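Asks: Take a look at the following structure, please.
Please treat every number below as a calculation from the coordinates, not as lab data. Note that this is a predicted model, so its numbers are computed, not measured. All Cβ positions, glycine included, derive from the backbone under ideal geometry; neighbour counts span all protein chains shown.
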Amino acid sequence: MQGNLPPEAQEKIEELQDLQETTEQLAAQKGQAETSLNEAKTALEALEDIDEDATMYREIGELLVRTDYAEAEESLEEKTDSLEVRVEQLEKREERTREQFEELQEELQQMLQGGGGPMGPGGPGAGGE
């Protein structure tokens, strides 16, 4: 079907596909960051139940390195803060990409309905797919 479309419409379809792929990648990254954030928060909560004199280790690559309570707590708090910022950034980027996708989709629909290009910036679509 794309072979019958005008070049402008084909370009918009390619842009839509790129935006959809970007949105999916951002959603996957956000999911991974949220998982890491939840794990860090859970570890921080578990740390509250541990005696401050307990022997603790933290994982660095494939090694376990001895650490003390204060270092473990500080490290987890920093990780949590960093991951919260990362998740927030990814949510904003994902939202912007989705908005761009929807705008481009509207432009394409108007183009395919014979408008020849985008109508008004805030004009509602006249139905369609």
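Asks: Can you spot the lysines whose alpha carbon is less than 29 Å from Lys41's alpha carbon? Ignore those fewer than 8 places along the same chain.
Replies: Lys30, Lys79, Lys92
Asks: Using Cα atoms only, what is the angle between the long axis of helix 69-110 and the major principal axis of the chain, expressed in degrees (0 to 90) to the nearest 10?
Replies: It works out to around 10 degrees.
Asks: From the square roots a ≥ b ≥ c of the eigenvalues of the alpha-carbon gyration tensor of the chain, which class results: rounded (a/c under 1.5), prolate (a/b over b/c), or oblate?
Replies: In terms of gyration-tensor shape, prolate.
Asks: Could you pull out every one of the aspartates and glutamates with an alpha carbon less than 15 Å from that of Lys12, ignoring same-chain neighbours closer than 8 positions?
Replies: Output for Lys12: Glu21, Glu99, Glu102, Glu103, Glu106, Glu107.
Asks: Label points 7 Å out from Cα along the Cβ direction at Glu84 and Gln113: separation in nm?
Replies: Between Glu84 and Gln113, the label points sit 4.4 nm apart.
Asks: Moving to a separate point now. Helix 7-47: angle to the longest alpha-carbon principal axis of the chain, degrees 0 to 90, nearest 10?
Replies: The angle comes out at about 20 degrees.
Asks: With n ≥ 4 as the cut-off for DSSP H runs, can you work out [θ] at 222 nm for the chain, using -39500 (n - 2.57) per run divided by the number of residues, rounded to the nearest 500?
Replies: That calculation yields -24000 deg cm²/dmol at 222 nm.
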